[in-house]
1. For the residue pair I456 and V97, what label-to-label distance in nm results when each label sits 7 Å from Cα along the Cα-to-beta-carbon direction?
2. Using 0.36 nm per residue, how much length does the chain from A188 to K270 gain when fully extended, once their Cα-Cα distance is taken away?
3. By average Cβ neighbour count within 10 Å, what is the ranking of 276-282, 185-191 from highest down?
4. Starting at the first residue of the stretch 268-276, write each ³J(HN,Hα) from the Karplus equation 6.51 cos²θ - 1.76 cosθ + 1.60 with θ = phi - 60°, in whole Hz, x for Gly and Pro.
5. Out of the total accessible area of the stretch 418-458 (probe 1.4 Å, heavy atoms of protein only), what percent is carbon and sulfur?
6. Filter K213/K497; K270/K466; K213/K339 down to the pairs with a C-alpha to C-alpha distance above 25 Å, please.
7. Heavy-atom accessible area per residue, the stretch 95-158, 1.4 Å probe: how many Å²?
8. Using θ = phi - 60° and the Karplus form 6.51 cos²θ - 1.76 cosθ + 1.60, what ³J(HN,Hα) does each residue of the stretch 416-425 get, whole Hz, x for Gly and Pro?
Amino acid sequence: MGFFKNRNVYLLTTVAYMGSLLFGYDTGVMGSVLALDAFKRDFGLPLGKAGFASTKNAEIASNVVSLLTAGCFFGAIASSFINEKIGRRPTLMGFSVVFMIGAAIQTAAHHHIGQIYAGRVIAGLGIGGMSSVVSVYVTENAPARQRGRIAGLFQEFLVIGSTFAYWLDYGVSLHIKSSTLQWRVPVAIQIIPGGFMLIGLCFLKESPRWLTKNGKHQKAAESLAWSRCAKMDDPELLEELAEIRASCEEELRMTEGVTWKECIQPGSRKRFILAFGIMFWQQFSGTNSIGYYAPQIFQTVGVSKTNASLFATGVYGTVKVIATAIFLLVGIDQLGRKKALIGGAFWMSTMMFIIGAVLATHPPDVKVPGVSSASIGMVVMIYLYVIGYSASWGPTPWVFVSEIFPTRLRAYGVGLAAATQWLFNFVITRVTPVAIASIGYKTFIMFGVFCLAMGIFVVLFVPETKRLTLEEIDVLFGADPVQRAQDIEVALGAERKELELEHREDSTAVPVTATKT
């Protein structure tokens, strides 16, 4: 019954999170494409090198992956201002077009690695812009009790996108002969979900909270009624509208327009610091080092053949999809945000330390045929690591940052979080190939230490927000609960009066009838 009642929210989420799927696909596809001999030949890279053993391969891989994240950083910053001005839905439509242009440039590239670089930057602008908006758009439409599960689908779509890319690359490596077509097909396919997203957005409604903030109360009521599949005079709908309206009007009374002074007030300052901190630590967990460079990572730990490493990468992605789905169904709204983040951090830390220790004591020997038991053990630890990530630091940070900000600051707060994520994503993707080529097993030890640190950060600073409405979270961060209750009563009276006036106008309207001539 809950799913049926929220069917429009899930429809909206599916369309909006095509942006997340594109993020996952575009990162996953290039990590595997870089391992294909066809790509190496077309762009003059050394053949027959496993992992990041070749300095030139490591440099090109680092450039191709990190330039996407650089574009994402600037896209995230730009979209936080654009979507606050013109709305969530039009912003998503614009950035989906930007992404498809970048994808088309990558697909058309041949022999000139600079064209791949340009396409990655432009596609990154689109992905970064979408990443800053989609979670805001979905969160502002999701009901409180299911918000964690619904907003957390950001991560599920992301891992579905990357996993599809992994298996597609494995498929083309087996069934398409080593040629330009072998890498061009997986790069081109990403245009399809981009087009689906653009078309789907045409049939959705704007965020009711953005509409309320901009004084469009009637449209906000229609939008919320659509997403809740409820009638305009539904008591629960009127109550939610009143709560949204009271929160927005209270924020507007505080100051006209967002100012830096408002952003550094104690309640707001804490939220911005938490958004920065949680996204900073998400990147230093090591997940994107494995996600972006999975085939090369598996080659590093001993799965040296290209097809075998691509197969292991596909399994890795599949594990992420299943683990994320289970967590969203039974974990995030039951266990809560804080416990999930703490448990995940310590679990991932343990796996990273084990991988580093085994790699140090049993390094793979490329001269010995087959895969050693130590290499199999490290692959298992990577899979166990990603199960922990998928049940904690994968979906939870995006849910948390999209729900802790008030309506008037949400676009800027999530924009900061997305920009932080992309900035340090860029750092990690630049460092990983060089680190693994230079310090080997110590790279995994380093990420293990980071995972321990992020667990401590959550214990000390992160509050629990599960099953609270967005307006109740305001109170958690310092809003006056008594004043908020009074404002809700006033807003509820205003909503009822407007509804009553609308009904009265409808009942007194004189119907126009056709007359014979």
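1. In this crude spin-label approximation the distance works out to 4.9 nm.
2. Numbers: separation 82, 0.36 × 82 = 29.52 nm, distance 4.24 nm.
25.3 nm is the gain from fully extending A188 to K270.
3. Output ranking for 276-282, 185-191: 276-282, 185-191.
4. With the stated coefficients, the stretch 268-276 comes to 6, 4, 4, 5, 5, 5, 5, 4, 4 Hz.
5. After summing per-atom areas, the C and S share lands at 79 percent.
6. K213/K339
7. On the way: 1570 Å² over 64 residues.
It amounts to 25 Å² per residue over the stretch 95-158.
8. 4, 4, 5, 5, 4, 4, 6, 4, 7, 4
The values are calculated or read from the model by the stated rules, or taken from the named source; none is laboratory data. The shown structure was predicted, so the numbers you read here are calculated from the model rather than taken from an experiment. Please note: Cβ atoms are built from the backbone with ideal geometry, for glycine as well, and neighbour counts cover all protein chains shown. With ligands, DNA and RNA removed, areas are computed over all heavy atoms of the protein, side chains included. Shrake-Rupley method; radii C 1.70, N 1.55, O 1.52, S 1.80 Å.
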